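Please read the structure below before turning to the comments.
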Amino acid sequence: MKETTAIAHPNFALVKYWGKKDSKQNRPAMSSISITVDSMQSKTKISKNTLSNCHRLFINGVEETDLSKIFPSLFYLSEISKSDDYIVIQSENNFPTSSGLASSASGIASFVTAYDAHYGMNLGISDRIEACMLGSGSAPRSLIGGFVLMDHNNNYSCTQILQKEDWPVDVLICIASREAKKISSREGMEISKRTSPLYQDWLGSNERDISLALEAIREKNMSGLEKVTEKNCNFMHEVMKTSKPSIIYMNDVTHSCVAEIENLRASGHKLFYTVDAGPQIKIICDPKSTNTIKDTITHRTDVIDIIHTRLGGSPRIIDEN
Ligand code: PMV
């Protein structure tokens, strides 16, 4: 039986999106800039379901009963492929799922890549972006490697700002908890849009943060990128906190990592952090400082694990035979 497998990597936003323009079409209300990482991955296999008349989805070997997150992307793709196959989707992550590590972005990007190849569709980038965005607003960024801009003013085009080789920073993902998050980003964004008094200011700050980050990335300016990334991250977490009900993703371990990052910076190391919809903290650093940072965070905080990764590339099809 024909099976097609694709691998895609998660991406972490330096300038984040939190809030949708249109929740039905899942359109972000702002632009974002991210990095795609390498050693973390989602691997998704597609085959025809020859045993029953339904689509089936397995994540890390466990069958999902709710396929509502994958259906919009699947229906967008099957509309183009004209296939009426029922399919089996088997997706595996080599990192914790649904805990703020962008597993939905890499999961959806690997699914879209596998489906495209399975049905020989040869889709252009705008159709792949659309198919990804219907599943997760941040997933289109995982279609591109290195530093990526997703521009909401230009039909959500995703472009590479720098290739991974152009500025080979290290990324350390400090796992502060392995629990799945209690409020999904989709739910959280809707609550913030409706209730946070800071939401309009947050929207208004996006354009400036994008241009500051673009400039810093193009100049490979670590301290410039540090300032805009941390300011943007902390503003997003303020928007979350001032929502009703208040949404808090960071925990004590996240805060103790931030304190250590500030100490390391004061002693001359080049590093900065970002945190998404979960307590995990991602450190972007000069590879010369990686070992010191790892040792310090391991010994002085209660992190469960540190995943060391570099910048990664775009999704690819793999031959599993
Ligand atoms: O659309 P989602 O569920 O992938 O939301 C992503 C939200 C953040 O990770 C917090 C920010 C971002 O731009 O990645």
Quick one: the Cα spread of segment 178-241 along its three principal axes, in angstroms, biggest first? 38, 32, 15
With θ taken as phi - 60° and the coefficients 6.51, -1.76 and 1.60, list the Karplus ³J(HN,Hα) couplings across segment 265-270 in order, rounded to whole Hz; mark glycine and proline as x. 5, 5, 9, x, 7, 9
If I stretch the segment between Gln200 and Arg56 completely, what's the gain in nm (0.36 nm per residue apart, minus their alpha carbon distance), one decimal? 47.8 nm
What is the angle, in °, between the Cα long axis of helix 71-81 and the longest principal axis of the Cα atoms in the chain? Nearest 10 is fine, range 0 to 90. 50
Suppose every K and R has +1 on its Cβ and every D and E has -1 on its Cβ; what is the size of the dipole of the chain about the Cα centre, in Debye to the nearest 20? 380
Quick one: what are the phi-derived ³J(HN,Hα) couplings along segment 276-283, Karplus 6.51/-1.76/1.60 with θ = phi - 60°, whole Hz, x for glycine and proline? 9, 7, x, x, 5, 10, 9, 9
In nm, spacing of pseudo-spin labels at Asp295 and Tyr86 (7 Å Cα→C-beta vector): 5.8
Length gain on complete extension for the stretch Arg208 to Ile317, per 0.36 nm per residue less the alpha carbon to alpha carbon distance? 35.5 nm
From zero up to wherever the largest Cα-Cα distance of segment 203-321 sits, split into 5 Å bins and tell me the percent of pairs in each. 2, 9, 17, 20, 19, 15, 10, 5, 2, 1, 0
Going by alpha carbons, how many degrees (0 to 90, nearest 10) lie between the helix axis of 222-241 and the longest principal axis of the chain? 70
Using only Cα atoms and rounding to the nearest 10 degrees, what angle (0 to 90) does helix 125-135 make with the longest principal axis of the chain? 80
Given Lys16/Lys182; Lys220/Lys282; Lys20/Lys48; Lys182/Lys227; Lys193/Lys231; Lys43/Lys82, which pairs have Cα atoms separated by over 22 Å? Lys20/Lys48; Lys182/Lys227; Lys43/Lys82
Need one number: % antiparallel among DSSP beta bridges in the chain, to the nearest 5. 95
Sum up the charges of everything whose Cβ sits under 14 Å from the Cβ of Ala114, counting Lys and Arg as +1 and Asp and Glu as -1, but leave Ala114 out. 0
Which value, to two decimals, describes the C-alpha radius of gyration of segment 1-87 once divided by 2.2 N^0.38 Å? 1.32
Say we join alpha carbon atoms closer than 10 Å with springs in a Gaussian network model of the chain; which of Thr298, Thr113, Thr229 then has the biggest fluctuation? Thr298
Between the alpha-carbon centers of segment 43-119 and segment 235-304, tell me the distance in whole angstrom. 32
Accessible solvent surface per residue of segment 68-151, calculated while the other protein chains remain in place, 1.4 angstrom probe, Å²: 32
Kirkwood hydrodynamic radius, segment 26-169, all distinct C-alpha pairs: what's the number in Å? 15.7
How far, in nm, would the chain grow between Lys24 and Glu215 when pulled straight, counting 0.36 nm per residue and subtracting the alpha carbon separation? 65.5 nm
Ignoring ligands, DNA and RNA, what percent of the accessible area of segment 11-159 is carbon or sulfur (1.4 Å)? 47
Could you tell me which of Ser157, Ala131, Ser73 has its Cα farthest along the dipole of segment 73-159 towards the positive end, charges placed at Cβ (Lys, Arg +1; Asp, Glu -1), taken about the Cα centre? Ser157
Convex hull volume of the Cα atoms in the chain, per residue, in Å³? 132
Give a quick list of GluC sites (Glu not before Pro) in segment 37-136 that DSSP marks as loop, anything other than H, G, I, E or B, with at most 16 other Cβ atoms within 10 Å. Glu64
Just going by the charge dipole of the chain, with Lys and Arg at +1 and Asp and Glu at -1 on Cβ, which of Ser32, Ser314, Ala266 is farthest out on the positive end? Ser32
Identify all aspartates and glutamates with a Cα-Cα distance to Lys294 below 15 Å; exclude those on the same chain that are fewer than 8 residues away in sequence. Asp170, Glu260, Glu262, Asp286, Asp302, Asp305
Cut-off under 5 Å, modelled amide H: who pairs with Gly312 long-range: Thr36, Val37, Asp38, Gly146
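The values are calculated or read from the model by the stated rules, or taken from the named source; none is laboratory data. Bear in mind that the values here come from a model prediction, so they are computed numbers and not experimental data. For neighbour counting, all protein chains shown are included, and Cβ atoms are generated from backbone atoms with ideal geometry for every residue, glycine included. Side chains included, ligands, DNA and RNA excluded: accessible areas come from the protein's heavy atoms. Shrake-Rupley method; radii C 1.70, N 1.55, O 1.52, S 1.80 Å.
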